[in-house]
Amino acid sequence: MLVSVMPFIFLHCNPALAADTAPKAPASDGYASAVPADQLTADSVDASQGFLPIAQPVDEIVDQHMAGRGGYAKLKNIGAVTFVGTHFVGCEQSKLNTNLTRKGAASSETTDGLDAEQAQAIRATFDFDGPLIDWHKKRYTIQRLGMEKLSGILAWKLEVSRPDGYRQVLYLNSHKGDIVRESIENARGQVVLDIWRHDFRDVVGTRFPFAVDYKNAKGDVLASDRLQRVEAKSSLTAD
């Protein structure tokens, strides 16, 4: 992974709103939000309901997730991805330019602003295709935890247990299959890091989040990424 980081620029700003100052991507069909405005609250349920049981088998939820990202063949054909944008830690910002290849996969998540345990959790649980693709082959165990209301959507909730001792609790948009939230737990069952992904956009037939927020177990925002551009190359041209 190649990461180009420019010197920090200090801003006079509200730390909670700092990430919103990132430059926006051009308004075009390719970069428009993939979620219609009239569906943003269509799945809302009363907060008092907490979570709802689900009957869908895990494989059906995974298939929806995979289809929303263009399908298995499309994902496996991606050999390299470049992320360009801005990384925020409080009122400090730095340029983000990360290049990943399937052969030398490393996390696209930036670790500035995170402690050693949080950074290690990101590195240990990173997967180029994501945790749900080929989960059987990876010897993961997936448990359904029902459905839960998040901001504007109703999400499938899955717990992924891994051989390395980490667990990932994933929240998937029940309409699109996007992983909108990921809680990483250590072997003791303690939440190490909460990753929120939003502003999903289509890129060459698959989907990527253009906004990522990293939070601790208390819900405090530690850092944020705001992307201007994502480029995905096929395995034939990645080298």
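Throughout, read-outs are computed from the coordinates displayed, never taken from laboratory work. Every value quoted in this text rests on a predicted model; they were computed, and no experiment measured them. Cβ: placed from backbone, ideal geometry, glycine included. Neighbour counts: every protein chain shown.
Using the Cβ atoms and a cut-off under 9 Å, what net charge is assigned to the surroundings of R144, where Lys and Arg are +1 and Asp and Glu are -1?
Its environment carries a net charge of 0.
For segment 92-174, what is the charge dipole size about the Cα centre, in debye to the nearest 20, if Lys and Arg each add +1 at the Cβ and Asp and Glu each add -1 at the Cβ?
Its charge dipole is roughly 420 debye.
Return a whole-number percent for the relative contact order of segment 105-179, with Cα pairs under 8 Å and 6 or more residues apart as the contact set.
20
Trypsin sites (Lys or Arg not before Pro), restricted to segment 160-212: which are DSSP loop and have at most 16 other Cβ atoms within 10 Å?
Filter output for segment 160-212: R188.
State, as an integer percentage, the relative contact order of segment 112-239 based on alpha-carbon contacts under 8 Å between residues 6 or more apart.
Taking the mean separation of contacting Cα pairs over the length of segment 112-239, I get 14 percent.
How large is log10 I(q)/I(0) at q = 0.11, 0.15 Å⁻¹ when the Debye formula is applied to the Cα atoms of segment 107-177, each weighted equally and without solvent?
-0.32, -0.59
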